[in-house]
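**Q** Right, I'll just put the structure down here and ask away after.
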Amino acid sequence: MRPLLLLGLVAAATQASAQIVSRDSAAPTTLTIDQAIDLARRNNPQLQQTLNNRISARAAVRSAYGALLPSADASLSAQRQQGGQQIFSGTSLGASSDVNQSSYQIGLNYRINSATLITPSLQRANRDAVEADITGATETLRSNVSQQYLSSLQAEANADLQDSLLVASQQELILAQAREIVGSGTQLDVQRAEVALGIQKVQVLRARNQVEIEKLRLFQLMGVDQPPNVKLVSQFPVVPLSLNLQQLIASARTQNPGVLALRSREHVADLNVRREKGEYSPTLSLSTGIGGYTYGYTNSNFPVQQAAAQLEAARTSCIRTEEVRAALNLSNQLTECNAMAFTDVQAQAIRDNNSKFPFGFTKSPRSFSAMLSLPLFDGFAREQRLQEAMANRSDARYSVRSKELALTADVTAAYLTLVTAEKTVALQEQNSAKAKQELKLVQDRYRIGATTFVDLTEARATYERAEGDRITSVYDYHKAFAALESAVGHPLR
């Protein structure tokens, strides 16, 4: 009867464990690491901010080339002045009618010196530096997403381990209860099994909670909301290394985005020094333009009356002069003076000329000017800018050198860490396999009453540590590989 009872209890334990392992199987959303990286590149806010720098850099290049072309401007103005008298230098000026005025001006200006010629090259170099920054930010994001994807998989592996240990704890409790029933165990063993089961349930809860936290961090990096029931499906086998350290260092020096960006910044600094030196060169300025104006009285009769009055004054003056000449028996033009008269045709012509406001422009004479200026002294401001540019160039060179030295150290350290991680995986797999065999042996001995529950607990704890260390070593290897890719600056598989 005792063997039958033990078999029945073990079967019940197996059924209970199957119920625990079964989880929500509603259509999970799968996510590979390549999909995660692609989503992050399209949605990560920090990367999108870096991509916006490309717009400014391209606009700066267009502006630099635009400075080589003439600038053009146009203006149109209108003015109304109230009629009245004004005193200027003791003389009364003005008109009894309001005046309308309008004008237009279209001008072309061109300014060039050596700094203007260097600026396009400088802005192109700055654009290249921005592109290198974008590449570097993209590679950094790829590395961060890869690391977090691996952390999520590691958390799931640890959670699966805790689930399997929970099943084992349930089986151990049922075996302890069965042994107590048949008289080969004690109540103390049952209580110990119950405590171990409770502790293991806590470990399962914590492990599953950590899985969700790691996934949340992953989707935060990706820049999208986490869908429900998402499953990470990419697999990362541990394969023997076939990498050469010197080749990795050489590749990093030529392809690492951080180094390329600093070299572009160095080129920008060098061109900026040349541009500042160009401020000592003369500047040629050319300008030309066309324009026109209108001028008219609001009262169209006012210029007619003014012209008639002027003609009458001229007629009177002419008659007086010619009468004097006639009195002296000199030749005169008295008849012509008497014939002077203001006609309707003249009045209409004046009215027509007065009605050109606002767009009946009279063209102004064209003009063209050229000026060659040479800066002589500006309070040492040019010298200050030149010295600052030279200091920035020196700093840029030192930054490149520092990055190259750090790159060598980072690649070497990442490579050595990867080699160590590969060896560690092999050792931890051996330790885990041995611990698993030991646990199975102790479980079998406990079933037949050949060992105590304390020995079973110790064997399970040893297996938990060994399997946990194996999982950690496997994902440490993949994280070390991702760190090496980040140091080199491009994928290696």
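The values are calculated or read from the model by the stated rules, or taken from the named source; none is laboratory data. These figures come from a predicted structure and were not determined experimentally. All Cβ positions, glycine included, derive from the backbone under ideal geometry; neighbour counts span all protein chains shown. These accessible areas exclude ligands, DNA and RNA; they are computed on the full protein's heavy atoms, side chains included. Shrake-Rupley method; radii C 1.70, N 1.55, O 1.52, S 1.80 Å.
**Q** Hey, any hits in the stretch 451-469 for a residue that's open to solvent by less than 40 Å² (accessible area, probe 1.4 Å), in contact with a helix residue (DSSP H, G or I) (Cβ under 9 Å, 6 or more places away or on another chain), not in a helix (DSSP H, G or I) and not aliphatic (A, V, I, L, M)?
**A** Step one: of the stretch 451-469, the residues open to solvent by less than 40 Å² (accessible area, probe 1.4 Å) are 451, 453, 456, 459-461, 463, 466-468.
Now narrow it down to the ones that are in contact with a helix residue (DSSP H, G or I) (Cβ under 9 Å, 6 or more places away or on another chain): 451, 453, 456, 459-460, 463, 466-468.
With not in a helix (DSSP H, G or I) added as a condition, the list becomes 451.
Subsequent filtering for residues that are not aliphatic (A, V, I, L, M) retains 451.
Within the stretch 451-469, one or more residues are open to solvent by less than 40 Å² (accessible area, probe 1.4 Å), in contact with a helix residue (DSSP H, G or I) (Cβ under 9 Å, 6 or more places away or on another chain), not in a helix (DSSP H, G or I) and not aliphatic (A, V, I, L, M).
**Q** Here is a further query. Taking the options Ala74, Ala95, Ala13, Ala27, name whichever one is at pLDDT 85 or above and open to solvent by less than 100 Å² (accessible area, probe 1.4 Å). Please lay out each step first, then the result.
**A** Details: Ala95 fails: at pLDDT 85 or above; Ala13 fails: at pLDDT 85 or above; Ala27 fails: at pLDDT 85 or above.
Within the list Ala74, Ala95, Ala13, Ala27, the selection yields Ala74.
**Q** From Asn299, Asn229, grab the single residue that is at positive phi, of a type outside the set (Asp, Glu) and modelled with pLDDT under 90.
**A** Working: Asn299 fails: at positive phi.
Result: Asn229 is the single residue among Asn299, Asn229 that is at positive phi, of a type outside the set (Asp, Glu) and modelled with pLDDT under 90.
**Q** Against the definition (surrounded by fewer than 18 Cβ atoms within 10 Å (Cβ to Cβ), in contact (Cβ under 8 Å) with a residue 12 or more places away in the chain and assigned to a helix (DSSP H, G or I)), how does Val411 come out, yes or no? Steps first, answer last, please.
**A** Working: surrounded by fewer than 18 Cβ atoms within 10 Å (Cβ to Cβ): no; in contact (Cβ under 8 Å) with a residue 12 or more places away in the chain: yes; assigned to a helix (DSSP H, G or I): yes.
Here the answer is no, as Val411 does not meet what is asked.
**Q** Here's something else I'd like to know. Do we have any residue at all in the stretch 48-55 that's farther than 30 Å from Leu218 by Cβ and modelled with pLDDT under 95?
**A** Residues of the stretch 48-55 farther than 30 Å from Leu218 by Cβ: none.
Scanning the stretch 48-55 turns up no residue that is farther than 30 Å from Leu218 by Cβ and modelled with pLDDT under 95.
**Q** Could you tell me which residue of the stretch 324-337 is nearest to Ser300 (Cα to Cα), considering only residues that are open to solvent by 100 Å² or more (accessible area, probe 1.4 Å) and either of a type in the set (Ser, Thr, Tyr) or part of a helix (DSSP H, G or I) (or both)?
**A** Of the residues in the stretch 324-337, the ones open to solvent by 100 Å² or more (accessible area, probe 1.4 Å) are 328-329, 333, 335-336.
In the following step, the residues that additionally are either of a type in the set (Ser, Thr, Tyr) or part of a helix (DSSP H, G or I) (or both) were identified as 335-336.
Details: Thr335: 32, Glu336: 29 Å.
Filtering first and then ranking leaves Glu336.
Results for (1) over 30 Å from Pro70 (Cβ atoms); (2) part of a helix (DSSP H, G or I); (3) not small (Gly, Ala, Ser), shown as yes or no for each residue.
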{"position": "Pro228", "(1), (2), (3)": "yes, no, yes"}
{"position": "Val239", "(1), (2), (3)": "yes, no, yes"}
{"position": "Val259", "(1), (2), (3)": "yes, yes, yes"}
{"position": "Asp270", "(1), (2), (3)": "no, yes, yes"}
{"position": "Arg274", "(1), (2), (3)": "no, yes, yes"}
{"position": "Tyr280", "(1), (2), (3)": "no, no, yes"}
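**Q** Mind telling me which of the residues Glu429, Glu383, Glu404, Glu422 ends up being under 30 Å from Tyr110 (Cβ atoms) and either in a helix (DSSP H, G or I) or modelled with pLDDT of 95 or more (or both)?
**A** On the way: Glu429 fails: under 30 Å from Tyr110 (Cβ atoms); Glu404 fails: under 30 Å from Tyr110 (Cβ atoms); Glu422 fails: under 30 Å from Tyr110 (Cβ atoms).
Unique residue meeting the criteria: Glu383.
For (1) over 23 Å from Leu153 (Cβ atoms); (2) open to solvent by less than 20 Å² (accessible area, probe 1.4 Å); (3) touching a residue at least 60 places away in the same chain (Cβ under 8 Å), each residue gets a yes or a no:
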site	(1), (2), (3)
Ile213	no, no, no
Arg217	no, no, yes
Met222	no, yes, yes
Pro228	no, no, yes
Val273	yes, yes, yes
Glu279	yes, no, yes
Leu286	yes, no, yes
Asn299	yes, no, yes
Gln305	yes, no, no
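**Q** Scan the stretch 172-209 residue by residue and report those that are of a type outside the set (Val, Ile, Thr), outside any helix (DSSP H, G or I) and surrounded by fewer than 19 Cβ atoms within 10 Å (Cβ to Cβ). Write out each step before concluding.
**A** Taking the stretch 172-209 as the starting set, the residues that turn out to be of a type outside the set (Val, Ile, Thr) are 172-173, 175-180, 183-185, 187-189, 191-194, 196-198, 200-201, 203, 205-209.
Cutting the leftovers down to outside any helix (DSSP H, G or I) gives us 183-185.
Those that are of a type outside the set (Val, Ile, Thr), outside any helix (DSSP H, G or I) and surrounded by fewer than 19 Cβ atoms within 10 Å (Cβ to Cβ): Gly183, Ser184.
So that you can scan it fast, the table gives a plain yes or no per residue for (1) among the charged types (D, E, K, R); (2) open to solvent by 20 Å² or more (accessible area, probe 1.4 Å); (3) farther than 30 Å from Pro257 by Cβ:
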{"residue": "Asp133", "(1), (2), (3)": "yes, yes, no"}
{"residue": "Ala137", "(1), (2), (3)": "no, yes, no"}
{"residue": "Thr140", "(1), (2), (3)": "no, yes, no"}
{"residue": "Ser146", "(1), (2), (3)": "no, no, no"}
{"residue": "Leu161", "(1), (2), (3)": "no, no, yes"}
{"residue": "Leu166", "(1), (2), (3)": "no, no, yes"}
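**Q** Same structure, new question: Go through the residues of the stretch 242-261 one by one and say whether even a single one is out of contact with any Leu (no Cβ under 8 Å at 6 or more places or on another chain), farther than 20 Å from Ala409 by Cβ and not hydrophobic (A, V, I, L, M, F, W, C). Please lay out each step first, then the result.
**A** Keep residues of the stretch 242-261 that are out of contact with any Leu (no Cβ under 8 Å at 6 or more places or on another chain), which gives 242, 244-247, 250-251, 254-255, 257, 260-261.
Now narrow it down to the ones that are farther than 20 Å from Ala409 by Cβ: 242.
From what is left, the residues that are not hydrophobic (A, V, I, L, M, F, W, C) are 242.
Scanning the stretch 242-261 turns up at least one residue that is out of contact with any Leu (no Cβ under 8 Å at 6 or more places or on another chain), farther than 20 Å from Ala409 by Cβ and not hydrophobic (A, V, I, L, M, F, W, C).
**Q** Quick one: in the stretch 354-369, which of the residues that are assigned to a loop (DSSP other than H, G, I, E, B) and of a type in the set (Ser, Thr, Tyr) is most open to solvent (accessible area, probe 1.4 Å)? Break it down stepwise before answering.
**A** Of the residues in the stretch 354-369, the ones assigned to a loop (DSSP other than H, G, I, E, B) are 355-361, 364-366.
Going one step further and asking which of them are of a type in the set (Ser, Thr, Tyr), we end up with 355, 364.
Numbers: Ser355: 81, Ser364: 46 Å².
Checking each candidate, the answer is Ser355.
**Q** If the requirement is being under 30 Å from Ala466 (Cα atoms), loosely packed, with under 14 Cβ neighbours inside 10 Å and aliphatic (A, V, I, L, M), which of these qualifies: Leu439, Leu405, Leu416, Leu374? So that I can check it myself, show each step before the final result.
**A** Details: Leu439 fails: loosely packed, with under 14 Cβ neighbours inside 10 Å; Leu405 fails: under 30 Å from Ala466 (Cα atoms); Leu374 fails: under 30 Å from Ala466 (Cα atoms).
Of Leu439, Leu405, Leu416, Leu374, the one residue that is under 30 Å from Ala466 (Cα atoms), loosely packed, with under 14 Cβ neighbours inside 10 Å and aliphatic (A, V, I, L, M) is Leu416.
**Q** Read through the list (1) modelled with pLDDT under 95; (2) within 25 Å of Leu165 (Cβ to Cβ), then give the number of the only condition that Ser251 fails.
**A** Of (1) modelled with pLDDT under 95; (2) within 25 Å of Leu165 (Cβ to Cβ), only one is false for Ser251: (2).
**Q** When the residues of the stretch 241-257 are filtered to those that are in contact (Cβ under 8 Å) with a residue 24 or more places away in the chain and outside any loop (DSSP other than H, G, I, E, B), which remaining residue is most open to solvent (accessible area, probe 1.4 Å)? First the steps, then the outcome.
**A** Residues of the stretch 241-257 in contact (Cβ under 8 Å) with a residue 24 or more places away in the chain: 241, 243, 245, 248-249, 251-253, 255-257.
Within this subset, residues satisfying the condition of being outside any loop (DSSP other than H, G, I, E, B) are 245, 248-249, 251-253, 255, 257.
Values: Leu245: 38, Leu248: 12, Ile249: 17, Ser251: 23, Ala252: 0, Arg253: 109, Gln255: 92, Pro257: 9 Å².
Applying the filter and picking the extreme gives Arg253.
**Q** Moving on to the next point. Give the stretch 338-353 a look and list any residue that's at pLDDT 85 or above and either within 14 Å of Asn100 (Cβ to Cβ) or open to solvent by 70 Å² or more (accessible area, probe 1.4 Å) (or both), or say none.
**A** The answer is Asp344, Val345, Gln346, Gln348, Arg351, Asp352, Asn353.
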